[in-house]
Amino acid sequence: MLNRRDLLKAAAVGGPAVLFPWDRAPGGARVSSLALSAAPATQAAPAAHAAPPRSEAKRSAARITPFEHAMPVPPVLNPVSRTDSSDLYRLRMADTQAEIVKGLLTTVRTFGGCFPGPTIRAVRGREVVVQQTNDLRVHTSVHLHGGQVHSRYDGLPMDLVQPGETREYRYPNEQVAASLWYHDHAHELEAENVYRGLAGAYLLSDPHESGLPLPNGEFDIPLLIRDARIETDGRLIYTDPYACPHMLVNGKERPYFQVAARKYRLRVFNVSPNRHVSLRLADGQPFTQIASDGGLLAAPVTLHELTLTGAERAEIVVDFARYPVGGSVVLENTAALESERTEVLRFDITRTAEDRSRIPDVLATLPPIPKATVHREFALTTFPDARINGRKYDPKRTDVRTTVGSSEIWTIRNHLTRPPAGVFHAPHSFHTHLVQFRVLDRDGVPVGPAEAGLKDTITVHPGESVRIAMTWGEYPGEYVYHCHHMVHSSHGQMGRIDVLPAGSKDSGRESGDAFADSSRSTGSSAAGASAAGAGRRRWRRRNRHHHHHAGHHRRHRGLR
């Protein structure tokens, strides 16, 4: 298995020039044209994000003094109205100023004026309706990551919410309890939009999970972890991850969090667009993993270190009762670059508290691994550019066709046979929309219990093959699969999958005609295809000059 710390050290020394094409920013600074996705030429960037003039080319990151900020807990969003079966929420995407580094104001893109976005708490079987209004100057598309939703509400890369528009998303929540998250998915902009703040937690509960004696209420805390680069003037610079020395938790640079001497349920999200994290308590004490991306594990797993690739989540229980009141323990990132600080978050034990919670020996009954009727193989390549099976994303091309209820095994291979010296993005973070899958093995070796639960995102290391098994359901329509290193998906490492209604004969094949031509017999599928087509038409109409100018724009825009 790839040694991440060695890889990141190499990135700090050599940089990824051996793999990625490079442009020059003002003053000679290197900028990876693969790592930075160009905004569409028709969308004017806010002045605060414009490339600095040549006289300002020498940049300097804001100072790093850990534990100056108290870590906030993102507020829980309240519905604006309720019915017997659903809750209605309204959010506005807009630029907001936030104090990320102590004493500096930074302009970020937010849901509801919150950085990160407010938490939505949902209940299985109760629909959530979110009306998203785009008050930004760039287009967006909101995806519920890990959600099983109709295609027209999935936030497909071309189903764009243009500036000034409002789009409604409906989430049925007919799946088991899990820590999901919502984020931007607009094609070629998703990496930057998420980096600038468009992400938030979506916590789904169900009667079984709620009935377990796990820590709850104020002792159930989401931790949204990500990297950033904040300049001394407060600007958030969108740049390569090895140039992002700031580590944020819930929107604050290396904060502290006051806890009681008792057990806490920590929902850990890696919302970095392009970075892995490997988290451990600095004193080496163990903690317990109870859930992965798609919900509870079958049984608790004791860990000393937790590694999450981009978009992966895990729920852990940490017992702070083993520390004295007045003591502290630091959560650190062992995958930090040698040039970076390892601290992520400090827990300060400030009080005692009653604790009746416990971790059951059995957490959940996982569904059986499906018997596959279809096997597919996917090769992820990064050189000379990001592709899957030799193709870049084309929303008009169907790459995979399947049917509702079809069980499949996918083999995903990272085409790099070894990590080139200095390459930060050598591992891939593979994600499928619509389904949760089960991980079977890595290079033929069955995975351990921490990876044996329901997943929607999986790391694939250089030269490695990972097999996953899933059953498609229950909504026919157009979806996508892609690398969730967002710089890769932004540059086309993504494919389209069309899920046909159950009983359709035209499945199990790759490539083919557009889904819209073969699915208009079902109302939900037709609506989804219609919405997708309208989004693509708007995208082509409003951005028809982008592809002609994109290369020129990337070469001359510098660091924004």
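Applying 1/(1 + (r/R0)^6) with r as the Cβ-Cβ distance of residue 102 and residue 369 and R0 = 41 angstrom yields a FRET efficiency of 0.25. Here residue 131 and residue 210 are evaluated by their C-beta separation; at R0 = 30 Å the FRET efficiency comes out at 0.65.
Each residue was assigned an accessible area with a 1.4 Å probe, and for residue 83 the value is about 80 Å².
Here's the picture: charge each Lys and Arg Cβ at +1 and each Asp and Glu Cβ at -1 in the range 237-317, and of 306, 278, 257 the one pushed furthest to the positive end of that dipole is 257. With the simple spin-label model, which puts each label point 7 Å out from Cα in the Cβ direction, the residue 302 to residue 361 separation comes to 1.5 nm. Compared with the alpha-carbon gap, the fully stretched path from residue 441 to residue 78 is longer by 126.5 nm at 0.36 nm per residue. Each label point was placed 7 Å from the Cα along the Cα-to-Cβ direction; for residue 68 and residue 325 their separation is 3.1 nm. Report note on the peptides 479-490, 261-272, 62-73, 86-97: ranked by the mean count of other C-beta atoms within 10 Å, highest first, their order is 479-490, 261-272, 86-97, 62-73. Near residue 249, the amide H atoms lying under 5 Å from its own belong to 254; only residues 5 or more places off or on other chains count, and H is placed 1.01 Å from N. Taking every alpha-carbon pair under 8 Å whose residues sit at least 6 apart, the range 304-449 reaches a relative contact order of 17 percent. In whole angstrom, how far apart do the alpha carbon centroids of the range 85-157 and the range 199-220 sit? Centre-to-centre distance over Cα atoms comes out at 20 Å.
The values are calculated or read from the model by the stated rules, or taken from the named source; none is laboratory data. Being a predicted model, the structure only gives us computed values, none of them experimental. Here the Cβ is made from the backbone with ideal geometry for all residues, glycine too, and neighbour counts use every protein chain on show. Ligands, DNA and RNA are excluded from the accessible area calculation, which covers all protein heavy atoms including side chains. Shrake-Rupley method; radii C 1.70, N 1.55, O 1.52, S 1.80 Å.
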